[in-house]
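Reading through the structure tokens given below for one structure.
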Amino acid sequence: MASGKLARKAKDVLGANRDNALKLAQGSGLKATKKLLQSAQADLTVRLGGVAGDAEETFTVAQKRATMAQLRQVIRELSGGLGDAVLDAGMEAAELAAAHTMSYLATADRAFRGVGTTPLALREASMFEEATQGARASILRRLASSGEPVEGADEEPHPAKLGILDRYSVETLGHFEKKMQMGILTGKSRDEMEADLVDSSPFLQGQPAFWATRIVRTEVHAAYNKAGYESLREADEQLDDMVKIISAVFDERTGSDSYATHGQIRRPEEPFETWYGLLQHPPDRSNDRGIVVPHRISWPIPKYLEWRTPEQVAARWAFEGRKQKMPPIPEMTTVALSLFGVQQPKQLDDGADG
């Protein structure tokens, strides 16, 4: 009975940790994006008021070029603000992830080894350090343009590609471009064009606003999982029997791809396999809410981390109305299930700092 209660407590800790992480990611995304877009709209209104008109009251190609120059500056400043928001919230998420990893490990250890054992000793300071530094480097790499080393993130150059914020900038400029083309073709006045771009802006109130929110949410959640992954790797250095397991959120929004990967087991350095490719930790797509769960081979696999059956995955695929054939379910473990809960765990004798 006691072990059952402890196992439920470990599950409760995992659920609470995940809820806190999701609240941080979603809250940061909404607040940061709203504030940035309001600032950008005010800036844009001032800038567009200074775009010169001409003798004919229509919006012309010359005005379009001047307007685009103003828009590029606004977007450059907005992207910088987004980057700062992601980095600030991402570092908060990294610290949260390290704390969550340690709290779950302690609770799970009591659940799976028993309350009479010596409490799990971990060097917490080193886990925090690994988590936050790894998350910061990951955020900088993902936000920045590649091709040149990023200070604080890269030691060597890597293949050139647009960073997330660069791709965002290209996308939002594309929305402005289409709006202004329509303004020229329909002979709108400069005032009408300004109203289109500011008052009912597809950039500030439409799809790009959604893009900005999604970027912050996804990147903050990615920072949380990156930090959890780095904490797990540091724990493995200390304990030598760690694995990582994907845990999905199951509700009306859960995708069949999450059904297919829930409970997937890998050693710390091995990538997970998903329908979108290989990855060291979620998210594998925007709005993916999966998390990395640290687990010891010396512990049994708890029920809440057990795999979904092929039938359950297929049913979810059908529920989503997919027309194409479902991809094969990925390999679920690289560690034999027969090893879990059998080996005697390694326990640190000293060196704990928390």
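The values are calculated or read from the model by the stated rules, or taken from the named source; none is laboratory data. Every value quoted in this text rests on a predicted model; they were computed, and no experiment measured them. A quick note on method: Cβ atoms are made from the backbone with ideal geometry, for glycine too, and the neighbour counts reach across all protein chains shown.
Would you please name the residue that is modelled with the lowest pLDDT, looking only at residues in region 154-181 that are of a type in the set (A, V, I, L, M, F, W, C) and either buried (at least 16 other Cβ atoms within 10 Å of the Cβ) or closer than 21 Å to Phe210 by Cβ (or both)? Spell out how you get there, then give the answer.
Start the filter on region 154-181 by keeping residues that are of a type in the set (A, V, I, L, M, F, W, C), which leaves 160, 162, 164-165, 170, 173, 176, 180.
With either buried (at least 16 other Cβ atoms within 10 Å of the Cβ) or closer than 21 Å to Phe210 by Cβ (or both) added as a condition, the list becomes 162, 164-165, 170, 173, 176, 180.
Values: Leu162: 65, Ile164: 78, Leu165: 79, Val170: 79, Leu173: 82, Phe176: 81, Met180: 86.
Within region 154-181, the match that is modelled with the lowest pLDDT is Leu162.
I'd like the full set of residues that are part of a loop (DSSP other than H, G, I, E, B) and within 13 Å of Tyr224 (Cβ to Cβ), limited to region 265-300. Write out each step before concluding.
Going residue by residue through region 265-300, those that are part of a loop (DSSP other than H, G, I, E, B) are 267-271, 275-276, 280-290, 297-300.
Matches in region 265-300: His281, Pro282, Pro283, Asp288, Arg289, Gly290.
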Are any of the residues in region 274-296 surrounded by fewer than 21 Cβ atoms within 10 Å (Cβ to Cβ), more than 23 Å from the chain's Cα centre (by Cα), within 20 Å of Met102 (Cβ to Cβ) and in contact (Cβ under 8 Å) with a residue 60 or more places away in the chain?
no
Could you say which residue among Ala93, Ala89 is assigned to a helix (DSSP H, G or I), modelled with pLDDT of 80 or more, touching a Phe, Trp or Tyr at 6+ places or on another chain (Cβ under 6 Å) and under 30 Å from Ala209 (Cα atoms)?
Ala93
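Report, by residue number, each residue of region 15-49 that is of a type in the set (Val, Ile, Thr) and free of Cβ contacts under 8 Å to residues at least 40 places away in the same chain. If you could, list the steps in order and put the result at the bottom.
Going through region 15-49, the residues of a type in the set (Val, Ile, Thr) turn out to be 33, 45-46.
Within region 15-49, Val46 is the sole residue that qualifies.
Give me a count of the residues in region 301-323 that are closer than 22 Å to Asp12 by Cα and loosely packed, with under 14 Cβ neighbours inside 10 Å.
So in region 301-323, the residues closer than 22 Å to Asp12 by Cα come out as 301-308.
Filter once more, keeping what is loosely packed, with under 14 Cβ neighbours inside 10 Å: 303, 306.
The total comes to 2.
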Scan of region 12-41 for residues that are surrounded by fewer than 19 Cβ atoms within 10 Å (Cβ to Cβ), under 25 Å from Gly228 (Cα atoms) and either of a type in the set (D, E, K, R) or within 15 Å of the chain's Cα centre (by Cα) (or both), ordered by number
Asp12, Asp19, Asn20, Leu22, Lys23, Gln26, Gly27, Leu30, Lys31
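In the set Arg217, Arg233, which member is under 14 Å from the mean Cα position of the chain (by Cα), closer than 21 Å to Ala94 by Cα and among the basic types (Lys, Arg)?
Numbers: Arg233 fails: under 14 Å from the mean Cα position of the chain (by Cα).
Criteria check complete, one pass: Arg217.
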Those residues that are surrounded by 15 or more Cβ atoms within 10 Å (Cβ to Cβ) and assigned to a helix (DSSP H, G or I), I need them from region 182-191; list them, please.
Gly183, Ile184, Arg190
Across (1) more than 21 Å from the chain's Cα centre (by Cα); (2) at pLDDT 80 or above; (3) closer than 30 Å to Asp191 by Cβ, Ala111 clears everything bar (3)
Any residue at all in region 285-303 that's of a type in the set (Phe, Trp, Tyr) and more than 21 Å from Met127 (Cβ to Cβ)?
no
Residue pairs, Cβ under 6 Å, 6 or more apart or interchain, first in region 243-260 and within 17 Å of Gly321 (Cα to Cα) and touching a residue at least 24 places away in the same chain (Cβ under 8 Å), second buried (at least 22 other Cβ atoms within 10 Å of the Cβ) and of a type in the set (A, V, I, L, M, F, W, C). List them.
Ser258/Ala248
Taking region 302-313 on its own, how many of its residues are more than 26 Å from the chain's Cα centre (by Cα) and of a type in the set (A, V, I, L, M)?
0
Of the conditions (1) surrounded by fewer than 23 Cβ atoms within 10 Å (Cβ to Cβ); (2) modelled with pLDDT of 75 or more; (3) within 30 Å of Thr60 (Cβ to Cβ), Leu197 fails just one. Which one is it?
(1)
Within region 240-264, considering residues that are touching a strand residue (DSSP E or B) at 6+ places or on another chain (Cβ under 7 Å) and not in a strand (DSSP E or B), the one farthest from Ala94 (Cα to Cα)
Asp257
